[in-house]
Amino acid sequence: MEFAPEHDVPIPYMQRTRDYYLALGYGNPYRWAHFDDVPFTPLAKPLTQARVALITTAAPYQPGVGDQGPGAPYNAAAKFYKVYSDTTETVPDLRISHVGYDRKHTRAEDPNTWFPLAKLQQAVKSGRIGALAPRFHGAPTNRSHRTTVETDAPELLRRCREDGADVAILVPT
Amino acid sequence: MCHQTVSLIARHLEANGIPTVIMGCARDIVEHCGVPRFLFSDLPLGNSAGRPFDAESQAATLELALRVLESAPAARTTVQSPQRWPEDASWKLDYSNVARMTPEEIAEKRKEFDVVKAVARSKREGA
């Protein structure tokens with residue numbers, strides 16, 4: 001009987017990040033959001049009849065703010081700070097150079113790895129889900145907990161309701 | 001940070017009557033926050049929806065997320081996708097791992113980070 005290697009476990013990102021910034025000379029370790037209660041809403045209808053919202057942390061490509069990939073270095077100028085929405089009828093040009101993905105082992109060459117809109121369109125065609133909401137929504141990431149909870153999350157809820165979404169799929173980078 | 005942001009948003013939507021599922025690659029951050037439903041893919045950050053140029057992997061990832069969404073029995077349901085990154089698991093040792101960095105690399109990263117922070121700050125203040 002042979003076990004998997006000890007390091008073959010989900011990466012402990014919180015510990016890695018804590019150690020990383022301490023090594024860089026930043027004290028006062030970041031406090032990650034942490035709750036003891038978790039809300040839960042059962043589905044009101046089967047997915048075959050449900051209208052699905054898609055929420056992403058990817059950014060629309062912006063000409064003039066530098067290299068946004070594939071394979072771009074971290075590009076803070078490509079960040080966005082307000083919730084945005086766009087149609088789900090076509091697939092937009094979204095990039096992830098503004099966030100900290102694994103740049104050593106992946107190059108952000110295939111947008112389908114962080115934005116499954118094309119696959120969701122197929123799921124509508126095949127009848128797996130009832131429909132897509134008319135818009136997908138972009139969530140800003142370089143925020144305090146408070147801004148996310150008090151500004152961005154309520155705005156996303158408002159837009160999901162406006163679109164008549166029954167359920168939401170959230171895909172971070 | 002992306003994983004924490006969407007975790008907070010999922011909680012808010014769910015508390016207001018919209019069932020959610022998160023598709024992600026950072027298990028500890030999402031579970032530490034506490035979310036209703038989570039499909040965890042043990043792949044490098046950036047591949048929450050499946051492996052690059054692998055339509056089958058992406059379709060299987062979405063299908064599993066949909067199944068988690070429709071069948072989770074309670075909050076804090078995490079399902080781990082059976083998919084693996086090609087080759088071995090040594091990629092997991094690299095990400096932000098100070099144990100693998102020289103003092104020169106650390107000094108260089110510090111410089112880069114200060115620049116990035118300044119850019120983000122000016123952009124945020126202008127937004």
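What follows draws every value from the coordinates through simple rules; no lab data is involved. None of these values were measured; they are calculated from a predicted model. No Cβ is skipped: glycine too gets one built from the backbone with ideal geometry, and neighbour counts run over all protein chains shown.
The table for this structure:
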| read-out | value |
| --- | --- |
| Charge tally in the Cβ shell below 10 Å around A:H98, where Lys, Arg are +1 and Asp, Glu are -1, A:H98 excluded | +3 |
| B:R11, B:R27 arranged by Cβ crowding within 10 Å, fewest neighbours leading | B:R27, B:R11 |
| Under 14 Å from the Cα of A:K82 - aspartates and glutamates, other chains or at least 8 residues apart | A:E150, A:D152, A:E155, B:E125 |
| Rel. contact order, % - alpha carbon contacts under 8 angstrom, at least six apart, chain A | 33 |
| Residue-averaged beta-carbon neighbours from other chains (10 angstrom radius) around A:137-147 | 3 |
| Gain in span if fully extended, B:R100 to B:R121, counting 0.36 nm per residue against the direct Cα distance | 4.6 nm |
| Residue order, fewest to most surrounding Cβ atoms within 10 angstrom, among A:Y101, A:Y30, A:Y20 | A:Y30, A:Y20, A:Y101 |
| Reachable lysines from B:K109, criterion Cα separation under 16 angstrom, eight or more residues apart if same chain | A:K104, B:K117 |
| Estimated dipole of chain A in Debye, rounded to 20 [Cβ of Lys and Arg +1, of Asp and Glu -1, Cα centre] | 380 |
| Percent RCO, i.e. relative contact order, over region B:19-71, from Cα pairs under 8 Å lying at least 6 residues apart | 38 |
| 11 Å beta-carbon shell around B:V21, net charge (K/R +1, D/E -1) | 0 |
| Estimated dipole of region B:2-84 in Debye, rounded to 20 [Cβ of Lys and Arg +1, of Asp and Glu -1, Cα centre] | 140 |
| Computed helical MRE - 222 nm, chain B, DSSP H runs ≥ 4 contributing -39500 (n - 2.57), nearest 500 | -16000 deg cm²/dmol |
| Neighbour net charge for A:F35 - beta-carbon separation under 13 angstrom, K R +1, D E -1 | -1 |
| Cβ neighbours within 10 Å from other chains - mean over A:150-157 | 4 |
| Proxy reagent accessibility, fewest Cβ within 10 Å first, across B:C33, B:C2 | B:C33, B:C2 |
| Charged-residue dipole, Cβ positions (Lys, Arg, Asp, Glu), the protein assembly as shown about Cα centre, Debye nearest 20 | 800 |
| Positive-end extreme of charge dipole, region B:2-84 - chosen from B:I18, B:S81, B:L8 (charges on Cβ) | B:L8 |
| Whole-number percent relative contact order across region A:90-173, with pairs defined as alpha carbons under 8 Å at least 6 apart | 36 |
| Degrees between helix A:13-23 axis and first principal axis of chain A (Cα, 0 to 90, nearest 10) | 40 |
